[in-house]
1. Which residues, taken from region 451-469, are touching a strand residue (DSSP E or B) at 6+ places or on another chain (Cβ under 8 Å) and either surrounded by fewer than 24 Cβ atoms within 10 Å (Cβ to Cβ) or farther than 20 Å from residue 127 by Cβ (or both)?
2. So in region 40-69, with the set limited to residues that are part of a helix (DSSP H, G or I) and touching a residue at least 60 places away in the same chain (Cβ under 8 Å), which one is nearest to residue 171 (Cα to Cα)?
3. Name the pairs: first residue in region 6-24 and under 15 Å from residue 465 (Cβ atoms), second residue part of a loop (DSSP other than H, G, I, E, B), Cβ to Cβ under 8 Å, at least 6 apart or on different chains?
4. Only one residue in 71, 66 is within 17 Å of residue 192 (Cα to Cα) and loosely packed, with under 13 Cβ neighbours inside 10 Å. Which one?
5. Is it true that residue 143 is assigned by TED's automatic domain parsing to the domain that holds residue 451, modelled with pLDDT of 95 or more and over 16 Å from residue 438 (Cα atoms)?
6. Say whether the condition of being buried (at least 16 other Cβ atoms within 10 Å of the Cβ) and in a helix (DSSP H, G or I) is met by at least one residue in region 109-126.
7. Would you pick out the residues in region 380-403 that are exposed (fewer than 15 other Cβ atoms within 10 Å of the Cβ) and outside any loop (DSSP other than H, G, I, E, B)?
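The values are calculated or read from the model by the stated rules, or taken from the named source; none is laboratory data. Since we're looking at a predicted model, the values are computed, not measured. Neighbour counts run over all protein chains shown; Cβ positions are idealised from the backbone, glycine included.
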């Protein structure tokens, strides 16, 4: 038995419903963006609670769910996580159930002076390639929330009463590492059980070409503390004879890479897979790489991003320039982020990097590790029927052939979904494009991409709602 996209009459009605509902969708999205729902420690959790309440209201107003509730689960230390929204309607007549995932929390805004508009005030601007809505969370991932909401709206407006079972999980702490995710899906396993899972938290090839994500790199992040001295000492009195921790760290971290920037850590593996062409000019434009700065690594650009490991020192605790004194620093802390190629376990990669670091510490420096966070890479089963149906839906919704795309970033909780729901087919889609600048100042959403993403999801849900042939 197989499923196909709905007939042209239904598809046209869905497209009309999505277009007609777009102003309301943008207004609802703008209301969500105005809530500064940063889930990180040190930010007001009341904003995340307000965001969860707003999302629950949106889902409840659809009138299709038998249950809409705000729930919390436990983090590994036993403390409660951030509020998530859970909704469900039971399938009827033997129809399948689809779980729709997105998250309503956002990254911190960063410095206000780096934004061209206020981070939490959505602003619509015309560009050379259509209108964009600017603001923190416009794309990552409150647009994912609204893609689900708007697709269900269009579906019920067009089809009416549904046989399709629907579960919705809108997480409240994805940007903070999803610490309570595993406990949440185990605790609510029955409500979340589904035949298919659609994760709306990825991107597209460009604003005209849809993509479906087939591979994600994993991650291993940790904090390393490097010590060389028992206490700070005068740099004039002892400099040149006594190593400080900054010198030890610089020399040790430099061994992570070859001269061309390729990772040089034994035990970190790459994946062998074909990649589409991606011109250097496009990389420079999208990444903000100036003409005088060379690229890193070897091989095709997308192979380096999708299939090879990378290591980044994302932060260091050092005296600031303003507070610098003439002393040898006895100890420093640094945060290391390792991206892991699909096919290698996060634990194996973490062990390889820490062993490398310990073996390359100069001057007898000491190192210790804490704040370890591991996330597994993921490969989609592209042979599954549902994957084919999702590609067809994206192609129909965008009017252009869908690209199968890897992603250099990580969504670690997908491995947990696979563990808890092993029979569900997982699809990774999204509303982002190369100019979205997720996590960065001036984050934005292309409204044409939003409309096409909504239509594609509505077409997929309509196909799942219809009886199998």
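1. As a first pass, look at region 451-469 and keep what is touching a strand residue (DSSP E or B) at 6+ places or on another chain (Cβ under 8 Å): 453, 456-457, 460-461, 464.
Within region 451-469, 456, 457, 460, 461, 464 qualify.
2. Step one: filter region 40-69 for residues part of a helix (DSSP H, G or I), giving 45-61.
Next cut, touching a residue at least 60 places away in the same chain (Cβ under 8 Å) only: 48, 51-52, 55, 58-59.
Numbers: 48: 10, 51: 11, 52: 9, 55: 10, 58: 15, 59: 14 Å.
Per the stated criteria, the residue is 52.
3. Qualifying pairs under 8 Å: 6/466; 11/5; 14/6.
4. On the way: 71 fails: loosely packed, with under 13 Cβ neighbours inside 10 Å.
Matching residue, one of 71, 66: 66.
5. Values: assigned by TED's automatic domain parsing to the domain that holds residue 451: yes; modelled with pLDDT of 95 or more: yes; over 16 Å from residue 438 (Cα atoms): no.
Against the criterion (assigned by TED's automatic domain parsing to the domain that holds residue 451, modelled with pLDDT of 95 or more and over 16 Å from residue 438 (Cα atoms)), residue 143 does not qualify.
6. Within region 109-126, not a single residue is buried (at least 16 other Cβ atoms within 10 Å of the Cβ) and in a helix (DSSP H, G or I).
7. 385, 388
Matching residues to (1) within 15 Å of residue 263 (Cα to Cα); (2) assigned by TED's automatic domain parsing to the domain that holds residue 231; (3) within 20 Å of the chain's Cα centre (by Cα); (4) touching a residue at least 40 places away in the same chain (Cβ under 8 Å):
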| site | (1), (2), (3), (4) |
| --- | --- |
| 332 | no, yes, no, yes |
| 335 | no, yes, yes, yes |
| 342 | no, yes, yes, yes |
| 346 | no, yes, yes, yes |
| 349 | yes, yes, no, yes |
| 357 | yes, yes, no, yes |
| 360 | yes, yes, no, yes |
| 367 | no, yes, no, yes |
